[in-house]
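J.: Here you go, one structure.
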Amino acid sequence: MPSSKSDIRAIVTEAAIVVIAGLGIGLAANELSPRGLALSRNYFPAGTNQAPVAPRQVQAAPVAADTNESPAAAELSERLRGKGLRELKRSQAEALLRDLRSRDGRIVFVDARNPDDYQDGHIPGAYELDPYHPEKELGNVLPVCLAAEKVVVYCTGGDCEDSDTAAILLRDGGVPGGKLFVYGGGITEWQAAHLPVETGVRNSGINSK
């Protein structure tokens, strides 16, 4: 049998009282609890629905292996490494020429330019080996290089690859790569540093001015 209107009002009123009482108890408990929510705080500020932005990663610029080396010098070094040849700097070549072993043939210099350039001026005591006509000097130069402790080959320097070719000829002839060096600066750098230069034939004793 359906309830009267007065009964329905009584039930609704009782339910409202229960809800309000429960809400009051809950608020009181929240205030007393140390983990309660701060009702005045905005827990959902504007923009919080956006994905967090990862911190920007800054990569350091690559550092050159040798900041003092010019691009041309770096290219020359790379060229020689690509051919399996060892490079010699001017200071090292100068030290080897002054080494006492260069006087008894244990350190040998080989000039890989043409005969005219060789005659005009070469590193004192250097052997002549034109890589474009190796048949002229290779038979004499190769045994000397095989017996030496260090062999330094040079040409004009820089972009000139005649020293590379001559060094490879000697290596193919049996000279170990471990004692074979290419002086990349060549005679151009040598003369610019005002180092001793011999003219004419090998061991002529004639020095250029």
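J.: Just give me the residues in region 86-102 being surrounded by 15 or more Cβ atoms within 10 Å (Cβ to Cβ), of a type in the set (Asp, Glu) and out of contact with any Gly (no Cβ under 9 Å at 6 or more places or on another chain), in sequence order.
T.: Once the filter is applied, which keeps residues that are surrounded by 15 or more Cβ atoms within 10 Å (Cβ to Cβ), of a type in the set (Asp, Glu) and out of contact with any Gly (no Cβ under 9 Å at 6 or more places or on another chain), region 86-102 yields only GLU94.
J.: Still on this model: Pick from region 132-146 the residues that are in contact with a helix residue (DSSP H, G or I) (Cβ under 9 Å, 6 or more places away or on another chain) and within 19 Å of LYS179 (Cβ to Cβ): which of them is surrounded by the fewest Cβ atoms within 10 Å (Cβ to Cβ)?
T.: Among residues in region 132-146 that are in contact with a helix residue (DSSP H, G or I) (Cβ under 9 Å, 6 or more places away or on another chain) and within 19 Å of LYS179 (Cβ to Cβ), the one surrounded by the fewest Cβ atoms within 10 Å (Cβ to Cβ) is LEU146.
J.: Consider region 145-188. How many of its residues are under 19 Å from ALA74 (Cβ atoms), charged (D, E, K, R) and either assigned to a loop (DSSP other than H, G, I, E, B) or not assigned by TED's automatic domain parsing to the domain that holds GLN119 (or both)?
T.: 2
J.: If you don't mind, there's one more thing I want to ask. Would you check if there is a residue in region 50-70 being within 30 Å of GLN191 (Cβ to Cβ), surrounded by 13 or more Cβ atoms within 10 Å (Cβ to Cβ) and modelled with pLDDT of 85 or more?
T.: no
J.: Let me ask something else. Name the single residue that is surrounded by the fewest Cβ atoms within 10 Å (Cβ to Cβ) among those in region 103-116 being within 17 Å of ILE206 (Cβ to Cβ) and out of contact with any helix residue (DSSP H, G or I) (no Cβ under 8 Å at 6 or more places or on another chain).
T.: The qualifying residue surrounded by the fewest Cβ atoms within 10 Å (Cβ to Cβ) is ASP116.
The values are calculated or read from the model by the stated rules, or taken from the named source; none is laboratory data. The structure displayed is predicted, hence computed values, not measured ones. In this analysis, Cβ positions are derived from the backbone assuming ideal geometry, glycine residues included, and neighbour counts consider all displayed protein chains.
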